[in-house]
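Working notes for the structure below.
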Amino acid sequence: MLNRKYNQRKIFKGENAIADYLVPDSMGPTPVVELPAHLNPFTKDKVRIFIKLSQFLPLGNIKSLPAYMMLKSLSKKDISEINNLVEYSSGNTVLSLAILSKHFGIPNLHAIITPDVPEHKKRLLRLVGANLLISHGNPSPGVFDKEGGIHEAKLLGGKKGWHNFNQYVNENNPKSSSLYIGKELWSQLGSEISIFLASMGTAGTITGAGKFLKNKNSKIHLVGAAIKENSSIPGPRGEVMIH
């Protein structure tokens, strides 16, 4: 995917213009920017920090990568039989799926969320066409739990005309980060990389991109970042959930 000729003029025409634009690398790799000395506390140690600006992806978020890859993995036959996607998520995964799925020919996206999701997030998800279903189970269920939102999404996904990707175990989650994060970073920085750091949510980024980079240079260190317990930062896993 990454090797295809991208649209250098950044003009998308015709009936498929929007779908063509939404391909993650439609405009080439996302930028990498080095932090200046006043933002880098390790400058005195001769450590350079580069930030991969994934917010410049077409949908403005890194979760659009696994969303796109999961949809891309479906055959035309699969797509013809699916009317409803369902996923346990209240964030960028279902936001991206809600937008992308319609361009793949799947009309409905159902997001299973917990009651504590803020109203502004609910409004945003409804704005992009997601139908919201409330789970009253554990807000941080295990992947193989028999209750909670992940399990509820699996059950709904087994119904006729429904499908659940289950981003937590879907191989296209780390695969997308391998292609669009790891491969891009290697082409952009190559041997300059000595440490790769990523926050951990589903852990797809650090698993996929990290594996790609380690295969290129086994000496690269991988560092996963979690948030402190009771932090209000959405997305990354809390430290108590890292096993």
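The values are calculated or read from the model by the stated rules, or taken from the named source; none is laboratory data. Remember, predicted model here, so these are calculated numbers, not experimental data. Quick reminder, even Gly has a Cβ in these numbers, built from the backbone with ideal geometry, and neighbours come from all protein chains shown. Quick note on the areas: whole protein, heavy atoms, side chains included, nothing else; ligands and nucleic acids left out. Shrake-Rupley method; radii C 1.70, N 1.55, O 1.52, S 1.80 Å.
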| said: I'd like the orientation of helix 204-216 relative to the chain: the angle between its Cα long axis and the longest Cα principal axis, in ° from 0 to 90, rounded to 10. | reply: 40
| request: Calculate, for the chain, the solvent-accessible area per residue in square angstrom, rolling a 1.4 angstrom probe over the heavy atoms of the protein chains. | output: 57
| query | Loop-only check: which trypsin sites (Lys or Arg not before Pro) in segment 1-80 are DSSP coil with at most 15 other Cβ within 10 angstrom? | reply | Arg4, Lys5, Arg9, Lys10, Lys13, Lys46, Arg48
| How many nm separate the modelled label positions at Ser191 and Val33, each set 7 Å beyond the Cα in the direction of the Cβ? | 2.9
| query | On full extension of the chain, what length is gained from Ala226 through Asp20, given 0.36 nm per residue of separation minus the C-alpha to C-alpha distance? | reply | 70.7 nm
| Those GluC sites (Glu not before Pro) in segment 1-104 that DSSP places in a loop and that have at most 10 other beta carbons within 10 Å | Glu15
| Any idea of Phe50's accessible area? Nearest 10 Å², probe 1.4 Å. | 70
| query | Mind checking which lysines have their C-alpha under 17 Å from Lys154, skipping anything on the same chain fewer than 8 residues away? | reply | Lys146
| Accessible area, 1.4 Å probe, largest first: how do Val86, Val223, Val32 sort? | Val223, Val32, Val86
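Contact order normalised by length for segment 72-227, with contacts defined as Cα pairs under 8 Å and 6 or more residues apart; what percent is it?
Details: 245 pairs, mean separation 28.9, N = 156.
It rounds to 19 percent for segment 72-227.
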| Angle in degrees between helix 92-103 and the longest Cα principal axis of the chain, rounded to the nearest 10 | 60
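Rounded to the nearest 5, what % of the DSSP beta bridges within segment 17-120 are antiparallel ones? The partial results should precede the final answer.
Details: 3 of 8 bridges.
The answer is about 40 percent antiparallel.
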| Can you give the translational diffusion coefficient of segment 78-122 in µm²/s, computed by Stokes-Einstein from the Kirkwood radius over Cα pairs at 4 °C and 1.567 mPa s? | 117
| task | Search the structure for amide H atoms under 5 Å from the amide H of Leu133, placed 1.01 Å from N in the peptide plane, and list their residues when 5 or more places away or on another chain. | result | Ala111, Ile112, Ile113
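Sort Ser80, Ser75 from largest to smallest accessible area, using a 1.4 Å probe on the heavy atoms of the protein chains.
Ser80, Ser75
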| field | Inter-centroid distance (Cα atoms) of segment 18-33 relative to segment 118-182, Å | value | 24
| When the distances between all Cα atoms of segment 1-151 are binned every 10 Å from zero, what whole-number percent does each bin get? | 10, 30, 30, 20, 9, 1
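Average the reciprocal distances over every distinct pair of alpha-carbons in segment 23-108, invert the result, and give the Kirkwood radius in Å. Don't skip to the answer; put the middle values down first.
On the way: mean 1/r = 0.0661 Å⁻¹.
Answer for segment 23-108: a Kirkwood hydrodynamic radius of 15.1 Å.
Can you give the % of DSSP beta bridges in the chain that are antiparallel, to the nearest 5? Display every interim value, and only then the final one.
On the way: 3 of 21 bridges.
Roughly 15 percent of the beta bridges in the chain run antiparallel, per DSSP.
With r as the distance between the Cβ atoms of Lys214 and His120 and R0 = 45 Å, compute the FRET efficiency 1/(1 + (r/R0)^6) and round to 0.05.
Working: r = 39 Å, r/R0 = 0.86.
Once rounded, the FRET efficiency stands at 0.70.
Return the subset of Lys77/Lys183; Lys72/Lys183; Lys52/Lys102 for which the Cα-Cα distance in this structure is over 25 Å, preserving the input order.
Working: Lys77/Lys183 30 Å; Lys72/Lys183 19 Å; Lys52/Lys102 28 Å.
Over 25 Å Cα-Cα: Lys77/Lys183; Lys52/Lys102.
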| Any idea what Rg and Dmax come out to for segment 84-239 if you just take the C-alpha atoms, in Å? | 17.0, 50
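Quick check: with the 1.4 Å probe, what order do Thr207, Thr114 take by accessible area, largest first?
Values: Thr207 75, Thr114 15 Å².
Descending accessible area places them as Thr207, Thr114.
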